[in-house]
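No value in this document is a laboratory result; all are computed from the given coordinates. Here the structure is a predicted model, which means the values were calculated and not measured. For neighbour counting, all protein chains shown are included, and Cβ atoms are generated from backbone atoms with ideal geometry for every residue, glycine included.
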């Protein structure tokens, strides 16, 4: 694994043009019930909604960051968190050309540091398809524990998929 140097940039509509190509890769959607964006305009509109950084009812903070790698001189994916009452549900996507280089682990760790420092988050959780060994290894490397398996939690490309639920509690500092 190479050294990773991610910089997290709060996601804004201008990132749509930078992230679109990476999000077009069908392999990214093997284990998630989502589809590639249909256009840069559609992606920009989605990012405009997310840039509010709050759910419509104001109960949740929707925090999203583009991952910039200085070493690669490229955007390599994104990380996101839904924060409510000191808990964060986290998710991440790293573009395929950058898999296996530590970008995901470093970016998620940095996001968790920010969430602890700026938003007081003490409990992190994530749900991933049980078949997604790469994602499960990332979470386990960061200290997450698998606490449950949810059978047929999603339907991906018409097939039921089981989810592994991961959790990490952090100490108060």
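Of everything in the stretch 8-51, what is in a strand (DSSP E or B) and surrounded by 14 or more Cβ atoms within 10 Å (Cβ to Cβ)? Give them in sequence order. Spell out how you get there, then give the answer.
Taking the stretch 8-51 first, the residues in a strand (DSSP E or B) are 8-10.
Residues satisfying the conditions are 8, 9.
Residues that are in a loop (DSSP other than H, G, I, E, B) and in contact with a strand residue (DSSP E or B) (Cβ under 6 Å, 6 or more places away or on another chain) were ranked within the stretch 124-173; the one that is surrounded by the fewest Cβ atoms within 10 Å (Cβ to Cβ) is 143.
The set of residues in the stretch 149-166 that are out of contact with any helix residue (DSSP H, G or I) (no Cβ under 9 Å at 6 or more places or on another chain) and at negative phi comprises 149, 150, 151, 153, 154, 155, 159, 160, 161, 162, 163, 165.
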